[in-house]
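The values are calculated or read from the model by the stated rules, or taken from the named source; none is laboratory data. Note that this is a predicted model, so its numbers are computed, not measured. In this analysis, Cβ positions are derived from the backbone assuming ideal geometry, glycine residues included, and neighbour counts consider all displayed protein chains.
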Amino acid sequence: MDKLKNIGWLLFIISVVAISYALILNPASWIVYTISLVFIPLAIISLGLFSMARGRKEDEEGKRKEPFIGY
């Protein structure tokens, strides 16, 4: 899960930097459109990766009590 959390943080930081670049430096309009189409959804997806990596307390307790034995 650490790998998933690190990937989430990396994607979020890249997205925030790209969005800030588009807002502050005012590049050409096609660059702003490309950044908005790619990096805004990427920021939202990275927030989902954070929540997946964290997990719930009930799930952690269940994993400790009943390990996965397969099907």
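For Pro27, the criteria (1) assigned to a loop (DSSP other than H, G, I, E, B); (2) at pLDDT below 70; (3) surrounded by 11 or more Cβ atoms within 10 Å (Cβ to Cβ) hold in every case but one, which is (2).
A count restricted to the stretch 7-24 and to residues that are under 15 Å from Gly48 (Cβ atoms) and either of a type outside the set (Phe, Trp, Tyr) or not in a helix (DSSP H, G or I) (or both) stands at 5.
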